[in-house]
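In what follows, a single structure is set out as C-alpha cells and then discussed.
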Amino acid sequence: MTSLAGSQVAGSDVNIKKDMIITIDGPSGAGKSTIAKMLAGEAGFTYIDSGAIYRGIAYAYRNRENNETIGELLPLISLTFEFGENTRVLLGELDISDGIRLPEISLLASSLSQDRSVRDYANAIQRRLGGRGRVVLEGRDTGSVVFPDADIKFYLDAGADERAGRRHLELSAKGSREAMKTVKEEMEKRDKNDSERAIAPLVIPDGAIYVDTTGIGPEEVLKTIMGHIEKRNAGK
Ligand code: DC
C-alpha cells in the first residue's frame with residue numbers, strides 16, 4: 001500500500017500520497033499551468049509541463065537549417081528539459097525557455113503535435129520522467145494517453161472569453177503587444193487543431209474530474225482539486 005506520509009498542504013490537513021501521478025488536461029487558458037505548479041509546490045512533486053516538449057520541438061523545427069521533415073529532424077535534435085517550478089528548455093547549448101513561449105511557436109507546436117513521431121517523442125519523455133510518480137503533469141493528453149492509469153485526473157475548462165483574457169494577460173506580462181482579438185483567434189485555431197486531430201485529441205479523459213474555472217481564482221480552484229485528491233486518498 002502507498003504511504004500516506006505525503007505533504008501537508010499549507011492551511012489545511014490534506015494529505016497527498018507520496019507516489020501519486022496527477023494529470024491535468026484542458027484547453028489553453030483554462031488555468032492548467034498555474035494550478036499544476038501550485039499543486040506540485042504544495043505536494044513537493046515535480047511539475048511536468050508537457051506543452052514545453054511540443055514547443056521545444058516546434059522551436060527546433062522553425063530554426064532548422066536544412067529543411068528536414070519533422071521525421072528527419074527528430075533524431076538529429078538535442079533537446080534538454082528541466083522540469084520544476086520553472087521549466088527550462090535547452091536546444092543544444094542554447095537556452096530557449098523564453099523563445100518557446102512566442103505566439104508563432106504556440107501555433108506551430110499545435111500543428112506539429114498532430115504528427116505521430118512527435119507524439120511518440122513527447123510521450124517517451126513524460127513516461128520516463130513521470131513513471132515513478134511524485135508528478136503533476138499538465139497538457140492535452142496526459143490523462144487520456146500518456147498516463148491513462150494515473151491516480152487522479154483532472155480536466156480544467158473555462159469559457160472562451162475568459163481563457164482568451166487570461167492568455168492575453170499572460171502574453172502582455174511577457175511584453176507581447178498582441179491585440180486581444182488576435183490572441184482569441186489564435187487560441188480558437190489551436191483549440192480546433194488540438195481537439196480535432198486524429199491522434200490523441202484533447203478530450204476529457206475517462207474517469208477525469210471536470211473542473212470549470214470560469215470566474216474562479218486559482219486559490220479556490222486549488223482548494224477544489226485538493227478536496228478531490230483527499231477524497232480519492234480516503235477511498236471515497
Ligand atoms: O500547453 P501549451 O499551450 O504549452 O501547448 C502547446 C501545444 O502543444 C498545444 O497547442 C498542443 C500541443 N500539446 C499537445 O498536443 N499535447 C500535450 N499534452 C501538450 C501540448
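What to note about this one:
- Residue in the range 213-229 that is at pLDDT below 95, outside any helix (DSSP H, G or I), within 16 Å of the ligand (Cβ to nearest atom) and not acidic (Asp, Glu) present: no
- PRO201 falls short on exactly one of the conditions (1) within 10 Å of the ligand (Cβ to nearest atom); (2) surrounded by fewer than 17 Cβ atoms within 10 Å (Cβ to Cβ); (3) more than 29 Å from THR224 (Cα to Cα); (4) not charged (D, E, K, R), and that condition is (3).
- Conditions (1) assigned to a helix (DSSP H, G or I); (2) at positive phi; number of the one not met by GLY133: (1)
- Criterion (in a helix (DSSP H, G or I) and either near the ligand (Cβ under 9 Å from one of its atoms) or more than 25 Å from PRO201 (Cβ to Cβ) (or both)) met by exactly one of ILE105, ILE125: ILE105
- Single residue of LEU156, LEU129 found to be at pLDDT 95 or above, surrounded by fewer than 22 Cβ atoms within 10 Å (Cβ to Cβ) and either touching a strand residue (DSSP E or B) at 6+ places or on another chain (Cβ under 7 Å) or not acidic (Asp, Glu) (or both): LEU129
- Residues of the range 27-56 satisfying the condition of being near the ligand (Cβ under 9 Å from one of its atoms) and in contact with a strand residue (DSSP E or B) (Cβ under 9 Å, 6 or more places away or on another chain): PRO27, LYS32, SER33, ASP49, SER50, GLY51, ALA52, ILE53, TYR54, ARG55
- Total residues in the range 90-102 satisfying the condition of being aliphatic (A, V, I, L, M) and either within 11 Å of the ligand (Cβ to nearest atom) or in a helix (DSSP H, G or I) (or both): the figure is 1.
- Listed by first and then second residue, the pairs linking a residue in the range 224-235 that is closer than 20 Å to ASP157 by Cβ to a residue that is small (Gly, Ala, Ser), with Cβ atoms under 8 Å apart and 6 or more places separating them unless they lie on different chains, are MET226/SER12.
- The condition of being modelled with pLDDT of 95 or more, touching a helix residue (DSSP H, G or I) at 6+ places or on another chain (Cβ under 8 Å), away from the ligand (no atom under 12 Å from the Cβ) and small (Gly, Ala, Ser) holds for SER117.
- Of all residue pairs spaced 6 or more apart or on separate chains, those with beta-carbon atoms under 9 Å, a first member in the range 183-198 that is over 21 Å from ARG101 (Cβ atoms) and modelled with pLDDT of 90 or more and a second member that is of a type in the set (Val, Ile, Thr) and within 12 Å of the ligand (Cβ to nearest atom) are SER195/VAL203.
- Residues satisfying the stated conditions in the range 106-128, i.e. over 29 Å from GLU178 (Cβ atoms), within 14 Å of the chain's Cα centre (by Cα) and in contact (Cβ under 8 Å) with a residue 60 or more places away in the chain: ILE125, GLN126
- Top-ranked residue of the range 53-84 - restricted to ones that are surrounded by fewer than 16 Cβ atoms within 10 Å (Cβ to Cβ) and among the charged types (D, E, K, R), ranked as nearest to LEU107 (Cα to Cα): ARG62
- Residue match in the range 45-52 (condition: surrounded by fewer than 20 Cβ atoms within 10 Å (Cβ to Cβ) and at pLDDT below 95): no
- GLU170 being over 18 Å from SER110 (Cα atoms), out of contact with any Pro (no Cβ under 9 Å at 6 or more places or on another chain), within 12 Å of the ligand (Cβ to nearest atom) and part of a helix (DSSP H, G or I): yes
The values are calculated or read from the model by the stated rules, or taken from the named source; none is laboratory data. All figures in this text were calculated on a predicted structure; none of them were measured in a lab. Don't worry about glycine lacking a Cβ; one is built from the backbone with ideal geometry, like all the others, and counts go over all protein chains shown.
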